[in-house]
1. For the pair residue 7 and residue 34, what calculated FRET efficiency results from E = 1/(1 + (r/R0)^6), where r is the Cβ-Cβ distance and R0 = 22 Å, to the nearest 0.05?
2. Most exposed first by the Cβ proxy, i.e. fewest other Cβ within 10 Å, how do 27, 4 rank?
3. Provide 34, 12 in ascending order of the number of other Cβ atoms located within 10 Å of each residue's Cβ, fewest first.
4. Got a sec? How would 30, 16 order by Cβ neighbour count within 10 Å, fewest to most?
5. Please report the equivalent ellipsoid semi-axes of the chain, computed as sqrt(5 x eigenvalue) of the Cα gyration tensor, largest first, in whole Å.
6. If I model a spin label at residue 46 and residue 21 as a point 7 Å from the Cα along the Cα→Cβ vector, what separation in nanometres do I get?
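Each reported figure results from applying straightforward, stated rules to the coordinates on display, with no laboratory input. Everything numeric in this text was worked out from a predicted model, so none of it was measured. Here the Cβ is made from the backbone with ideal geometry for all residues, glycine too, and neighbour counts use every protein chain on show.
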């Protein structure tokens, strides 16, 4: 399942990140978003969603939400 499909306010673990852009991979890693780390969808809107990673919240767009697989 991807973050796009994830339930709101449910804790998940990042299973994989599938992007073609190494810069985005590096950026996500700097936020603490990498395989094995906990992640939670806080809210969702038409442009993307707000996710909680560690002690911070970030806005990500729908394409990126679809690229992050969770379990």
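1. Working: r = 21 Å, r/R0 = 0.98.
Efficiency computed from Cβ-Cβ geometry: 0.55.
2. Details: 27 13, 4 18.
Going from least to most buried by this count: 27, 4.
3. Working: 34 15, 12 19.
Sorted ascending by nearby Cβ count, the order is 34, 12.
4. 30, 16
5. One finds semi-axes of 16, 13, 12 Å for the chain.
6. Calculated label separation equals 2.3 nm.
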